[in-house]
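Just below is one structure, and these are the notes that go with it.
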Amino acid sequence: EVQLEQSGAEVKKPGTTVKISCRLSGDTFTDFSIHWLQQTPGKGPEWMGLINPEEGETMYAEKFQARVTITADTSKDTTYMELRSLRSDDTALYYCATSDAWGQGTLVTVSS
Amino acid sequence: DVVMTQSPLSLPVTLGQSASISCKSSQRLVHSDGNTYLNWFHQRPGQSPRRLIYQVSKRDSGVPDRISGSGSGTDFTLKISRVEAEDVGVYYCMQGTHWSWTFGQGTKVEIK
C-alpha cells in the first residue's frame with residue numbers, strides 16, 4: 001500500500017520561499033506520478049502540478065507556473081514542492097498525492 | 001481545464017434517509033485507455049480528503065456498500081443510503097482523466 005509522508009508545518013513571511021517534501025513508501029517510487037495540491041481555508045483542493053519521477057517531466061497549472069517548482073530525488077523516494085514569492089493568500093494546506101493515496105497535508109502559514 | 005460542477009452545494013439530510021450528489025463535467029471523462037477517472041472524496045473538518053469511489057463506481061477499501069457511485073460521459077452521481085452521523089462533511093468529485101486534476105466546488109452534508 002502506497003503511503004505518502006509530508007514534512008511539517010511552516011510559517012513564512014511574505015515574499016519568501018517554502019519547500020515541502022513528500023516521501024513515498026510501500027511501492028516503487030518511479031512507478032507513480034506525484035501531484036501537488038493546494039487547499040485554502042474553506043475551499044476545495046486545487047491542482048498545482050505534477051512530476052513523473054522516472055523521467056523528471058513536470059507539468060504545472062497556469063495559476064502557479066511562474067512561482068512553483070516540483071522536483072524529485074529518486075535516491076530518497078522523495079518529491080519536493082517549492083513555492084516562491086509567498087503572499088498571504090498562499091496560507092493553505094498543501095498535499096502531495098498519487099492516483100490512489102494522499103499525504104497528510106502540510107500547513108503553510110504566510111504572515112508578517 | 002475541465003470544469004466540474006456539483007449540486008447541491010449544501011445538503012441537509014435526516015439520519016437514515018438517502019442523499020444524492022450530482023457532478024457534471026464540461027468534457028467527457030473517458031480516457032484513451034477506456035477508463036473513466038471520476039473519483040469521489042469525503043473530507044471531515046481538520047482531515048485530509050479520503051477517497052471513497054474511483055473510476056465512477058469502484059469503492060475503496062473500507063467504504064460501506066451503502067455508498068455508491070454511478071454515471072457516464074459527463075454526468076455522475078454519488079448516493080449515500082441510510083445516512084449516518086459519520087457521513088457529515090464535504091464531498092468532492094474529482095476528474096483524473098485529463099492531466100490537470102480538477103475538483104467540484106464541494107457539497108456540504110449535514111444532519112437536519
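Where both bridge residues fall in chain B, DSSP classifies roughly 90% of the beta bridges as antiparallel. Taken residue by residue and averaged, Cβ atoms of other chains lying within 10 Å of the Cβ of A:39-45 number 5.
Near residue A:23: Cβ cut-off under 13 Å, other residues only, Lys/Arg at +1 and Asp/Glu at -1. The net charge is -3.
Taken per residue, the accessible surface of the range A:3-112 reaches 48 Å², heavy atoms only and a 1.4 Å probe. Taking the 1.4 Å solvent-accessible surface of the protein assembly as shown as the whole, the part contributed by carbon and sulfur is 45%. Simple point charges give the picture: +1 on the Cβ of Lys and Arg, -1 on the Cβ of Asp and Glu, and for the protein assembly as shown a dipole about the Cα centre of about 820 debye. Note on the protein assembly as shown: antiparallel DSSP beta bridges, both residues inside, total approximately 90 percent of the bridges counted. Placing unit charges on each Cβ (+1 for Lys and Arg, -1 for Asp and Glu) gives chain A a dipole about its Cα centre, and among A:49, A:29, A:106 the Cα reaching farthest toward its positive end belongs to A:106. Near residue B:17: Cβ cut-off under 10 Å, other residues only, Lys/Arg at +1 and Asp/Glu at -1. The net charge is +2.
In a simple Cβ point-charge model (Lys, Arg +1; Asp, Glu -1; nothing else charged), the range A:1-63 has a dipole of about 580 debye relative to its Cα centre. Reported to the nearest whole Å, the Cα centre-to-centre distance from the range A:19-48 to the range B:73-89 is 25.
Please state the shape class of chain B: rounded when a/c is under 1.5, otherwise prolate if a/b exceeds b/c and oblate if not, all from the C-alpha gyration tensor. Prolate shape, in that a/c is at least 1.5 and a/b is the bigger ratio. Each label was represented as a point 7 Å from its Cα along the Cα-to-Cβ direction; for residue B:31 and residue B:72 these points are 1.9 nm apart.
Taking Cα centre as origin and charging only the Cβ of basic (Lys, Arg, +1) and acidic (Asp, Glu, -1) residues, the dipole magnitude of the range B:1-97 rounds to 60 debye.
Among the lysines of the protein assembly as shown, pairs that are 8 or more positions apart or on different chains and have alpha carbons within less than 28 Å of each other number 24. What fraction of the DSSP beta bridges in chain A is antiparallel, stated in percent and rounded to the nearest 5? Antiparallel: roughly 90 percent of the beta bridges in chain A. Taking 41 Å as R0, compute the FRET efficiency from the Cβ-Cβ separation of residue B:82 and residue A:13 and round it to 0.05. Once the sixth-power term is evaluated, E becomes 0.25.
For the pair residue A:101 and residue A:65, label points projected 7 Å from Cα toward Cβ lie 3.2 nm apart.
The values are calculated or read from the model by the stated rules, or taken from the named source; none is laboratory data. What you are looking at is a predicted structure, and each value in this text was computed from that prediction instead of being measured. Virtual Cβ from ideal backbone geometry, glycine too; neighbours counted across all protein chains shown. Side chains included, ligands, DNA and RNA excluded: accessible areas come from the protein's heavy atoms. Shrake-Rupley method; radii C 1.70, N 1.55, O 1.52, S 1.80 Å.
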